[in-house]
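Each value in this text was obtained by applying a stated rule to the coordinates, not by laboratory testing. Computed from a predicted model, the values in this text were never measured in an experiment. All Cβ positions, even for glycine, are placed from backbone atoms using ideal geometry, and neighbour counts span all protein chains on display.
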Amino acid sequence: MLKTSVPKNDPKITNAWTMYDWANSAFSLVIASAVFPGYSDSITRNPDGTSEILFLGSTIKNTVIFEYAASLAFFLIALISPILTAIADYSGRKKAFMQFFCIIGSIACFILILFKDLSTIHWGILGYMLGLIGYAGSVVFNNSYLPDIATDDQFDRLSAKAFARGYIGSVILLVFSLALIIFRKDLGIEDGSIAPRISFALTGLWWIGFAQYSFYYMPNNVYQKEAKGNWLLNGFKELGNVWKQVRPLKYLKMFVVAFFFYNMAVQSVMYLAPFFAKEEVKMEEQALIMVVLIIQLVAIVGSYFFSAISNRKGNTYSLRIAVIIWIGICIWAYFVKDKMSFYGLAGVVGFVMGGVQSLSRSTYAKLMPETTDTASFFSFYDAADKISTALGIFVYGAIHHFTGSMRNSVLALMGFFIIGLLVLFLVPSKKSYQKEFTA
């Protein structure tokens, strides 16, 4: 076992690590999934209520603009995160980079306050993209802490606990935001855009505020590295060294390929489900928030349920079950028409989403060799995450744009799940992946 400056499985440190999900999941839920999609759609329509708007000289659906913006944001973070994580590993400044992206994301939430109608759509796009970059950028550094602070027999449990805390914390803020939006007139707020914008500001405060608890206890420079010379040049060298370690790891590479494909679909659903509900099922903004609330609450149960299966049957066995359910969800979504059926669909989505997200992180951590370059190693996982997310959202948006129906986009997602499932069958399912197994 590599020598670290802190003991592994220290309750204070692992608790602080799980609490970062409590902090940053508020952005993922309140802005990326619940309030912002419905809000951005309603305020960027033409005076006659149509959604085809003039943007940069072209006529395009208002929702497609934000689909493409999200895709671009994830491509950008996928490009910069590998070198930043390598620099962080070389310099021992992982926490500083994590704090930097946390601050960017929090500031982005306040930028969204300026987004109040179609004429200010540029602020909406800027705030949304910066928020996604801040969220995704901080997550890769947070994920990479897992093998630094815990032994592999604790990965599944801690990952599930972190996601569950994220779901619980974000639901608390969402309920408050929902109450603010529903009862705004009772509070003397006449302008319908003010309550959602207040919720954006509260999200920024929640994120940066609760993150301080994590930053206080999470260690800095776990392996006591001393940076010398050119950080950028040595960062590239560090990345090259990590790639040499990755090359012989057959099952780790197979898992990343499987993750790449099924994650294309999972993340597209997570970010675009509210748009689907609004356009295809004709749900109103408040109903959309209730859908997301259902997904979050059920996801808490799902994260622990699939963790329990992995403890008995192994990680990839549990993931295969989840992906098979996802394929069924795509078929259901293609045919869903009424609101009650969509509520049921949302419940199933939440159940498997919690399991897939928590297990994917812990499975990758188990397949990693023992190394001091944890951030760089997780940058490959993160690159697969962000590029697949960007591609998934882009494909979803392109099919929506050219066919005029999100239902056709859902069928494309099903294809990604099928490919991911087939590759998952090539990765043996074990409770713990020993180093000789990954070699």
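From the alpha carbon centroid of the range 73-97 to that of the range 365-426 is 20 Å.
Using alpha carbon coordinates only, what is the Rg to Rh ratio of the chain, with Rh defined as the Kirkwood radius? Before the final figure, lay out the partial values.
Numbers: Rg = 20.9 Å, Rh = 21.8 Å.
Reported Rg/Rh, Kirkwood definition of Rh: 0.96.
Cross-link pairs exceeding 28 Å in C-alpha to C-alpha distance, out of Lys116/Lys278; Lys161/Lys339; Lys12/Lys250; Lys61/Lys94; Lys12/Lys95; Lys253/Lys313, comprise Lys161/Lys339; Lys12/Lys250; Lys61/Lys94.
Go ahead and collect, in residue order, the members of the range 100-115 whose backbone nitrogen is under 13 Å from a label point 7 Å along the Cα-Cβ direction of Tyr213. From the range 100-115, the list is empty.
If neighbour count is taken as other Cβ atoms inside 10 Å, put Tyr396, Tyr213 in order from fewest to most. Starting with the residue having the fewest Cβ neighbours, the order is Tyr213, Tyr396.
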